[in-house]
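Note sheet for the following structure.
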């Protein structure tokens, strides 16, 4: 590795981060607006205009940035900042717009799993540091929710990687390997069912990851007055607002990358700029669909759960669900090896 | 059979010692149990080095006959010395426990919380 | 000593990789971007007024001791689900040294059964 | 031969002899002046650190080192005591000396108000001697002797605050457990000696047949060393001892526990290295099972704790599980030669030994700092300390990120290695490991909240930041954590990988001694 290469990588990372930060914030807010509009229509309301989230941020920026007297001010200020920064950094490792991840071999799925913890951790620490009982209750609920959904999330990620490793792929945790070999392409029928189950589990994990109804008891406005955000105002609250927006995009991108990494351009035989444009638009549509199904529909359909119900939901039904998915993937692999089913499917044109 | 007797004694000593440590509630008795285990282990070491009809390996000019192996005896000596140190430490700790709790019952000084 | 390049190497696990330096560069750049965005916001607030007091839906604030949620009250929903196993495990930790030695004997017995007996049977 | 070469050539013995001599010289300096004594103890430990580093450099570049005590005639290898130092021994020795130096620096202010400090420093140096001896020796009986030295001195140190009943009780439990463990180790050594007429690890490993008696020895050694290493369900002394000892002692106690873990590794990889696959039940799987149980139990018990030091102690139990998990996975794939994933897991496990020592060590130092400032360790009575103790809070946050394995700290690197290799053995292992690491995060966030955050409690208005020497000690560990976290590949390539290779390559370990003794 010579100096030229190092500086090239550094430049890619720097410019990429700037670009992705702006992209993430703008589109995150856009999807937030879409989500609000759609849910309003589902509930028979007109709803706010799609640009409402941008207005919200602008409004928060002109509000006072109050630090309550019970808060530890330096942690209180740092937590929202850190949450947004960590969320933006995840975008670097995800395939955005049908391209490979920006830094192709410096972080993998486990890293993303851990980086997804950081924004929640920032919210928890921010909530705890505001020193208000409401915020503390909200923060500890957020933490409990996080432990709860991390279990199925870990199962999903490890199962996917494990199944991929059985195909003899190297670097199975790398996003580039996963997107180049979508799970649907090589599994048999059992594995297909397993994949669907895992997808379902991941869709169910998403609303909790984003603290959306029915898993929003950390914020529960009606009950604990906004929970861990109670004491936040002004630009600090805006940071959390933006974190939420970018995180929506991140989670949707993770689902897209894991389960729907297909691009349109090879289908139409497109090349160069046209292909980029088509892929990006297709990617944005995929993200929109994921947001629609995993966020909007669920939050419109179900009421808020109590915190112990949340923990129970994730640790028992959803964990079992994802374990079933894992078992299906394992069986699929055994069947493939032991009974040599693959050729049969190939004959039938199924795989 | 007679040559196996020391080994049976070793096993018996260790089991008796473990029994004392596990089921006796008095701290002093537990310490005695540990000492019994130690004696068992030491006896085992000595037995390993013993040859029938041998003499102690302490002569520079041997009076004749076979000597028992010196190494296990050296090990045993070391082990005994260590045992004495451990015993002293344990007993001194027991004295302090007695000062604090006024009892030697292992159940009464326990409890996992403050 | 160590060549400079080895400082930049990515940790390879055979199944994935992790390069902290790239992440740190990204974090720093993202921090700068975010700080610029944050800079558009209003910085100050009226110190010492009632707006800095903790929000309690209009209720008066208790004394500070009661305002602080203590360690053992945290994670209620979570410990609610796990209580049965925590109580079970707490019972296991008797604090009695005899029991500790008993556990040792039990484990020795289990190991004995699993390592020695099967070989003898074969 | 100049002085430096002399030191390098004789470094294995100096690494043990200097702290041993220093231990007994310390009270003499203590008679003159307290400060002089402290400086002397730190000075001795820094010299030892230098020697260990020089030795490690030598071993990593030139291969295994041996040191023969007494006459150089090796026709009777049985009665010679040999030190055999390979990269794994060095790795453990480095951990021990780093923690010992930090503990001594920390003690300067932390233990200042105590009496009987001459004995304290003597015991602390003696304990380090014992650990280094355990890690450097190549002789089974010698290992037992050093094990006992470590046990006696650490039991005395656990009970150092003798005016508290709980401390004395914890010390008593520790010495009972240690003695029984050590006696069974001695019994197994006798079994080896009776069969192979040898005490040297390499010679035993060379001639071991896996007879019935060997199996008994294996069972007893695994049991005894697992108990000393704090593996569930033999861990119960550990929370007692860790939480009741002074924090500076706990730091070294972590290293002492890991020295026993090192004994377990030597046992599985070197002594039984040729035979481990003959066992009807895979020892590797047994360790993996122990690892998973240890992780889960440690973490779940830690959730329920309200005493800060006890909480950290249970978290330490959980962390021990990670090491066992990684090492066990390596051992499972040992037959006939270790697979790539197994080696990764082994590297992860070994790297985690060091990371655990640093992370848990930092946590205990922070707990000690809180205790020093407030005389309080119960989480239900603490609160709002971040206002008065800014630096301690910052160090705690670093430790929190490291213990729960968040990027970019060192814990992430080692846990990444463990996750991304154990999943090939069985996906469930990696899932549980990830889950437990998030539980650890939750546990320490709870500590962060209940000790440091929240409103300013009037009781703690007068609390001041801890003295500089304690901050400095914490800063050393925090600095190492960050450096290890930012440059994991360098650490793994230069320190961890040689250690893992040394452990796997037991033929090299054996042949080194055999070549010395002419194949005896």
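Bear in mind that the values in this text are calculations on the coordinates, not laboratory data. Quick caveat, the model's predicted, so the values are computed rather than measured. Heads up, the Cβs are rebuilt from the backbone with ideal geometry, glycines too, and the neighbour counts pull from every protein chain shown.
Is the shape of the stretch C:27-84 rounded, prolate or oblate, going by the alpha carbon gyration tensor and its root eigenvalues a ≥ b ≥ c, with a/c under 1.5 for rounded and a/b larger than b/c for prolate? The shape class here is oblate. A crude spin-label estimate for the pair residue A:180 and residue A:2, with each label 7 Å from Cα along the Cβ direction, gives 2.6 nm. Compute the helix-to-body angle for A:272-291: its Cα long axis versus the longest principal axis of chain A, expressed 0 to 90° and rounded to tens. For helix A:272-291, the angle is close to 60 degrees. What shape does chain A have by the C-alpha gyration tensor, where a ≥ b ≥ c are the square roots of the eigenvalues, rounded means a/c under 1.5, and otherwise prolate means a/b greater than b/c and oblate the rest? Prolate shape, in that a/c is at least 1.5 and a/b is the bigger ratio. Computed from the alpha carbon atoms alone, the convex hull of the stretch D:242-360 holds 91 Å³ per residue. If I take all pairs of Cα atoms in chain B, what percentage of them are more than 25 Å from each other? For chain B, the share of Cα pairs beyond 25 Å comes to 40 percent. Panel order for A:59, D:512, by other beta carbons found within 10 Å of each beta carbon, from fewest to most: A:59, D:512. For the stretch D:128-169, what is the convex hull (Cα atoms) projected area averaged across all directions, in square nanometres? Result: 2.9 nm².
Treating only the Cα positions of the stretch A:44-122 as identical point scatterers, give the base-10 log of I(q)/I(0) from the Debye formula at each q in 0.11, 0.17, 0.24 Å⁻¹. After summing over all Cα pairs, the log10 values are -0.50, -0.91, -1.07.
For the pair residue C:110 and residue B:103, label points projected 7 Å from Cα toward Cβ lie 3.0 nm apart.
What's the angle, to the nearest 10 degrees (0 to 90), between helix A:319-339's Cα axis and the longest principal axis of chain A? Rounded to the nearest ten degrees, it is 10. Overall, the anisotropy analysis places the stretch A:3-98 in the oblate class: the square-rooted eigenvalues a ≥ b ≥ c of its C-alpha gyration tensor yield a/c not less than 1.5, with a/b not exceeding b/c.
For the stretch A:20-51 versus the stretch A:62-80, the inter-centroid distance based on Cα atoms is 27 Å.
Among B:58, D:189, sorting on how many other beta-carbon atoms sit within 10 Å of each Cβ, with the fewest leading, yields B:58, D:189.
Between residue D:6 and residue B:55, the simple spin-label model (points 7 angstrom out along Cα→Cβ) gives 4.5 nm.
Convex hull volume per residue, computed on the Cα atoms of the protein assembly as shown, equals 189 Å³.
Distance between the C-alpha centers of the stretch D:120-152 and the stretch B:47-75? Whole Å please. Value for the Cα centre distance between the two parts: 30 Å.
Quick check: the angle from helix D:390-403's long axis to the longest principal axis of chain D, C-alpha only, nearest 10 degrees? So the inclination is approximately 40 degrees. As a proxy for reagent exposure, D:310, A:58, B:24, D:387 were ordered by neighbouring Cβ count within 10 angstrom, fewest first; the result is A:58, B:24, D:387, D:310. At q = 0.15 Å⁻¹, what is the base-10 log of I(q)/I(0) for the stretch D:281-486 according to the Debye formula with one equal point scatterer per Cα and no solvent? Please give it to two decimals. Values, matching the q order: -0.84.
Computed over the stretch D:5-137, relative contact order equals 37 percent, with contacts defined as Cα pairs under 8 Å that lie 6+ residues apart. Annotation for the stretch A:236-289 versus the stretch C:41-111: alpha-carbon center distance of 40 Å.
Taking max minus min of the alpha-carbon positions on each principal axis, chain D gives extents of 73, 59, 41 Å, largest first.
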